[in-house]
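The values are calculated or read from the model by the stated rules, or taken from the named source; none is laboratory data. Note that the coordinates shown come from a computational prediction; the quantities given were computed from them, not determined experimentally. Every residue, glycine as well, gets a Cβ built from its backbone with ideal geometry; the counts of neighbours run over all protein chains shown.
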Amino acid sequence: MGEGFQALDIILFAALAAFLVFRLRSVLGRRTGNEPRQPKDAQKDSRKDSQKDSGTGPSPDAEPDDNVIEMPGRGARDDSAEAAFEAADSDDQLSAGLTQIRIADPNFDPAEFASGAQSAFEMVVQAFADGDTKMLRNLLNDEVFENFSNAIKEREEAGETLETTLIGIKSSDIIEARLDGRMAFVVLKFVSDQVNVTKNKDDAVIDGDPNYVTTITDLWTFARNTRARDPNWTLVETCSPN
């Protein structure tokens with residue numbers, strides 16, 4: 001009897017083992033959704049190998065994989081920088097100058113610079129008319145400040161006043177850019193409509209016409225040390241085109 005029970009136990013264990021093997025085989029190779037994904041490069045190589053072995057290639061009409069995102073190149077420019085260069089040829093001197101400044105100062109943005117320079121133009125024109133040397137001191141280098149300051153002093157000594165109304169800036173364009181060592185220089189051409197009237201101490205008009213708008217063209221050169229912490233640019237030269 002003991003040997004009979006022992007044989008029965010062996011048969012039961014064998015049946016249980018067969019059942020477990022069957023369950024394992026039904027599960028092996030089946031994805032559960034938790035497996036680590038194969039790298040895309042490895043998947044691509046695997047597909048190439050399988051196509052090579054089968055003698056087939058990718059269909060020319062096959063749609064691209066929506067899950068593949070092409071990253072920009074390492075030297076790609078951002079949108080603001082691209083806008084500054086889109087109208088210039090690679091051999092253009094202006095584009096080359098802007099590129100040199102951008103390399104020396106990655107934060108330099110031509111569009112933002114032009115906007116800031118336009119604001120500076122408005123402030124300088126008004127400050128000169130008002131005789132506000134304190135404002136001018138913050139925006140001009142020593143040489144230009146001295147010229148403006150002397151003109152203001154002569155006007156005050158003569159008892160004259162200058163009334164300037166800036167009707168509007170018609171255009172402000174960067175026409176030149178260069179890098180000289182650490183110093184960056186950018187020249188802008190401003191075309192503005194102004195009304196300028198000079199009066200004497202008796203408030204009589206001695207120059208200009210209060211009812212006449214004059215279109216004035218100025219060439220202003222701004223400079224900045226690209227290694228300096230101060231992000232502000234300084235007006236270093238003013239002139240009119242020949």
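Structural remarks
- Counting the residues of the range 84-115 that are modelled with pLDDT under 50 and surrounded by 11 or more Cβ atoms within 10 Å (Cβ to Cβ) gives 3.
- Lone qualifier among Ile174, Ile216, Ile169 - being more than 20 Å from Phe108 (Cα to Cα) and within 26 Å of the chain's Cα centre (by Cα): Ile169
- Highlighted here are the strands (runs of 3 or more DSSP E) found entirely within the range 149-242 that include at least 3 residues which are under 20 Å from Ser115 (Cα atoms) and in contact (Cβ under 8 Å) with a residue 12 or more places away in the chain: 161-180, 183-199, 214-225, 234-239.
- Scanning the range 97-146 for residues that are in a helix (DSSP H, G or I) and among the acidic types (Asp, Glu) returns Glu112, Glu122, Asp130, Asp142, Glu143, Glu146.
- Residue that is at pLDDT 95 or above, farther than 23 Å from Trp233 by Cβ and of a type in the set (Asp, Glu), where the choices are Glu156, Glu143: Glu156
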